[in-house]
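For reference, the structure discussed in these notes is given below.
Readers should treat all values here as calculations from the given coordinates under stated rules, not as data from a laboratory. Since the model is a prediction, treat every value here as computed from it, not as a measurement. When we count neighbours, we look across all protein chains shown, and the Cβ atoms used for this are built from the backbone with ideal geometry, even at glycine.
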Amino acid sequence: MKNWKEIRKKFHRIPEKGFQEFETQKLILSYLNQDLKEYIKIETWYTGVIVHIKGKEGKRKIGFRCDIDGLPIIEKTELPYSSENLEMMHACGHDFHITFGLMLVEKMKNKQPFDDYVVLFQPAEEGPGGAQILIEEKPNLFDDIDHFFAFHIDPTLETGVIGYNDAHMFSGTQEIDIKMTSKGGHAAYPNEAQDLTEIFSALYLKNAENKKMNEFKNLNDKTIVHLGKINIGEARNVFPTKIEINGTIRSYRKENMENEIICIENFLMSHKIEYSLKKGPYYHPVINNKDKVHKFIEIIKNEVKTKKIEARFTGEDFGFYGLKCKTFMCWIGAESHY
């Protein structure tokens, strides 16, 4: 019997960027290829792995997704199995996700299932959105999938508890990059300068005020705009000639995010400055299929503790699969003091 705790630690040691998960893919394949059955076929896609499992009856096909990339974060846990890639970390639990995916395949190696399965070890969930690229390049993979499952580790939820929502799970996200430029000027001659700092501050405060004032009748109306990274200024006594801003917009409706971009652009235009506003990666909202959620909860209710979780405004590229088939994602509690 495999030591799954130790296997998870092996993956934790080797986090890699999206579409650069070469060592991760190699390790996944090393486990998948052990005692491989004739009804299991393995396919690679970039740095990901797709496992096709033929069931005894094959009346329907079920998909299961595990994301495999890490995050550009320096690990400071001082655990004995800390990241060996010094500027990367499995800080979002994808090492757990990989391990659970391998456990699922191992279970079906030991006993052939009745249904067909596709177990997807997907690269680049954290960016640039591997799910969307996979759908674009391999659309036929999803043609006959009855439903697609996934889960996400939640360290704030009691270990072993299944957290679920029968509709809204993750919001959509839209990254934005703004650049403003002007002639600048010296602090001693403010009347001769254009103050980009003042313009940016007005934009930031306008958005902050909207956050406080807006009351939402329902979840779909809620939109978050956050300008999180600002690069400004060249010297203490000079008006800046450029400001670079990286932000994110989050909502369960794409049109809400588009409207916010229009509002920001109208604001910039009104100040008669040179600017650029570029849209970065977009992640579709994760909205669960209600029927699949209720059926799942009914099946496990006597074996596992469950808890309904409020919708969250974190992003997840699993939402793109919901455009192709019925999907269901849940949380798995992994609260720990270590």
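Across segment 125-141, in residue order, what do the Karplus-derived ³J(HN,Hα) couplings come to in whole Hz, using 6.51 cos²θ - 1.76 cosθ + 1.60 with θ = phi - 60° and x for Gly and Pro?
Values per residue, Gly and Pro as x: 5, 6, x, x, x, x, 4, 4, 5, 4, 4, 5, 8, 10, x, 5, 4 Hz.
Report the Cα centroid-to-centroid distance between segment 227-242 and segment 87-144 in angstrom, as an integer.
43 Å
Could you pull out every residue, at least 5 positions away or on a different chain, whose amide H is within less than 5 Å of the one on Ile153? Hs are placed 1.01 Å off N in the peptide plane, and Pro or chain starts have none.
Residues meeting the amide H criterion: Ile332.
All other residues with a Cβ under 12 Å from the Cβ of Lys179 taken together, and with Lys, Arg as +1 and Asp, Glu as -1, what is their net charge?
Computed value for this residue: -1.
What whole-number value in cubic angstrom gives the convex hull volume per residue for the C-alpha atoms of segment 1-154?
107 Å³
Beyond 14 Å, what percent of the Cα pairs of segment 1-87 remain?
Percentage above 14 Å: 70.
Can you give the local net charge around Lys272? Use residues other than it whose beta-carbon is closer than 14 angstrom to its beta-carbon, Lys and Arg +1, Asp and Glu -1.
My count for the surroundings of Lys272 gives -3.
Compute the distance in nm between two label points, each set 7 Å from the Cα along the Cα-to-Cβ direction, one at Lys9 and one at Thr306.
Rounded to a tenth, the inter-label distance reads 3.4 nm.
Per 0.36 nm of contour for each residue apart, how much would the distance between Glu84 and Lys254 grow if the chain were fully extended, relative to their Cα-Cα spacing?
Roughly 57.3 nm would be gained on extension.
Work from the charge dipole of segment 160-309 (Cβ charges, +1 for Lys and Arg, -1 for Asp and Glu, about the Cα centre) and give the residue of Phe267, Leu196, Tyr252 farthest towards its positive end.
The listed residue farthest towards the positive side: Tyr252.
Considering the dipole of the chain built from charges on the beta carbon (Lys and Arg +1, Asp and Glu -1) around the Cα centre, which of Ile176, Asn140, Pro240 is farthest to its positive end?
Of Ile176, Asn140, Pro240, it is Asn140.
What are the ³J(HN,Hα) values, in whole Hz, obtained from phi via the Karplus relation 6.51 cos²θ - 1.76 cosθ + 1.60 with θ = phi - 60°, for each residue of segment 236-246 in sequence order, with x given for Gly and Pro?
Running phi through 6.51 cos²θ - 1.76 cosθ + 1.60 with θ = phi - 60° gives 5, 10, 10, 6, x, 8, 7, 9, 10, 10, 10 Hz.
How long are the three semi-axes of the equivalent ellipsoid for segment 184-294, computed from the Cα gyration tensor as the root of 5 times each eigenvalue, in whole Å, largest first?
Ellipsoid half-lengths, sorted descending, are 36, 14, 12 Å.
Which option, [x] 23.3, 81; [y] 20.0, 65; [z] 22.1, 74, is the value of Rg and Dmax of the Cα atoms in Å that was calculated from these coordinates?
Correct label, based on the coordinates given: [x].
What order, most packed first, do the peptides 323-330, 300-307 have when packing is the mean number of other Cβ atoms within 10 Å of each residue?
323-330, 300-307
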